[in-house]
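Before any comments, here is the structure.
Just so you know, all these numbers are worked out from the coordinates, no wet-lab data involved. The structure presented is a predicted model; accordingly, all values stated were derived computationally and were not measured. Glycine also receives a Cβ, built like all others from the backbone with ideal geometry; neighbour counts cover every protein chain displayed.
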Amino acid sequence: MRISFAAVTLCSLYGNSLAFTRSTFHRPTTVALSATIEEKVAKTRVPVFDEVCDTTGVTLKRFMSEVAMLNPELKELTVLFGGVDTACKALSNLVKRSQLPSSETLGYEGNVNIQGEDQKKLDVIANDVLKRALRFTGRLGVLASEEEDTPVDVMPDNVKRNEIVIDESEKYVAVFDPLDGSSNIDAGCPTGTIIGIYEHDENCVIDEDCIGDECTEQEAACLANTLQPGTNLVAAAYCLYSSSTFFALTLGNGVYMFTLDDQIGEFVLSNPDVKIPESSSIMSFNSANYDDWDQPLKDVVKGWENGTGKSKTAFSSRYIGAMVGDVHRTLLYGGVFGYPSDKKSPNGKLRLLYEGAPMSFIMEQAGGLATTGTQRVMEIMPEIVHQRVPMMMGSKNDIEEIIEAYADWKQ
Ligand code: AHG
Ligand code: MN
Ligand code: MN
C-alpha cells in the first residue's frame, strides 16, 4: 500500500486530536461483581475508536489519554501506565538482545532471590527498569516485586534498601513479576512481565508506631498496602516478549491487547475486546506432577486426555513453562492453564500477589475463570507478599468442569 508523505505527517502530528474525530462511544459497563472496588472499576469508561490513523493505529498513549479524558479520576493511573509502557519497550529490547555475544554479561547474576532461586541478571535488571520507570511517574509510593524481599519504597538508592516509605500523596501501589519465565531466556522462548495496580487500602490497620525494621513483615506489607485481594485491583497488565511483543491490559472493563510496532516504537491496539472461547480442547499443565495432583483434577484431566470429559472432546497439551506465554495462548485460543496444588507443593508454585491475582483479573475480564479448585483466586486475601497459590484459569466451561469435580470431591 502506498502511503503519501502528507498522510504520514498528518497521522504522526495530529493523530490524537485534530485530524480525526475523537472516539464518541463507550462500551457499556459490565455487570458489577461483589466487592466495592470491583463495582467501581467495572464502571470505568473505556474509549471505542471509530476513526483510526492507518499509519499508526491507536497507540497505547492515545488510548490512555482518552481513558483519562473519559475518567478524570483515573488521570494519575494513566500517567503510571506511561511508565509501564516505556519499561515494557526497554525490557523487550533487553530480552531480544540478551543472546547476542556482545550481551554475554546478561547471564546468571549469581545471587539467590527470596524464593531461593538463582536470579538471572536480567531478572535484576528488569526489576530495576520497572522500579525506576514507575518511580519517575511520581504516582507511586510503594511496590512489591518477586525480586524484592519485602515491599520497597521507590526512592533513590541512598534510601536504605527495603525500608518502607509511605507518602500519602501517592495514589497507587504496584505489584509485579518483572521477568516471568526467565529460565526460558537462554533458549529464546517467551518471557513476560506481570503488573498489578492497587489503590491504597484505607482499611489496612497497623500499629502506627512501627517504623522500618521494628515492623513485622505483615505490618510492613500492610503499611505498604500490598496485601490486598485481587478484587481490589484497579488495573492489571502483562507484557509478553515473544515473536511479537504484546501488552494486554484491563482497567476492569474488558481486556485490551496492544502489539509493539518496532518501526514507530509504539504499542498499537490490536484487539480492543479480547474474549476467551467458552470451551476449548487445549490444556496446559506441568503434567510431570500428575501423580501428585488432587484426585478431582486427575479425573478431569484423564477425561480430557481420552475424550470422555464433559465436552466429549479429546484435548491437546501445550506447555511453555512460562506463565505469561501460556496464559496469552490460553486467552487467544481457549483452554486451561494451571499450576495446581500437588502433594509436594500444596500451594502450587505461582505467587498470588504478582502472578495469580493480576493474571486472574485479566482472565476474568476476558470472560474466563480462575480458581484454586475450591476458591476464586481473586478473592484470596494474601497474608504474605510471596505467598503461593494453586491456580487453574481459562475457558469458562472447562474451568467449571474442574470446580464441579472439586465440589463433588469435598462432599
Ligand atoms: P519465574 O520465572 O517468574 O520464577 O516464573 C516461572 C513460573 C511460571 O512462569 C511458570 O508457569 C512456572 O514457573 C513453570 O514451572 P515448572 O518449571 O515447574 O513447570
Ligand atoms: Mn513468574
Ligand atoms: Mn520472575
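Quick rundown of the values:
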| read-out | value |
| --- | --- |
| Among residues of region 234-254, those that are among the hydroxyl-bearing types (Ser, Thr, Tyr) and closer than 16 Å to Leu80 by Cβ, counted | 2 |
| Given (1) out of contact with any Ser or Thr (no Cβ under 6 Å at 6 or more places or on another chain); (2) touching a residue at least 40 places away in the same chain (Cβ under 8 Å); (3) within 16 Å of ligand 3 (Cβ to nearest atom), number of the condition Lys349 does not satisfy | (2) |
| Residue ID - nearest to Thr193 (Cα to Cα), chosen from residues in region 300-328 that are touching a helix residue (DSSP H, G or I) at 6+ places or on another chain (Cβ under 6 Å) and away from ligand 1 (no atom under 12 Å from the Cβ) | Phe315 |
| Residue among Asp326, Asp408 that alone is touching a residue at least 60 places away in the same chain (Cβ under 8 Å), in a helix (DSSP H, G or I) and of a type outside the set (Ser, Thr, Tyr) | Asp408 |
| Where Lys302 falls short, out of the listed (1) in a helix (DSSP H, G or I); (2) surrounded by 15 or more Cβ atoms within 10 Å (Cβ to Cβ) | (2) |
| Options Glu379, Glu364, Glu400, Glu383; residue that is without any contact (Cβ under 8 Å) to a residue 60 or more places away in the chain and surrounded by fewer than 20 Cβ atoms within 10 Å (Cβ to Cβ) | Glu400 |
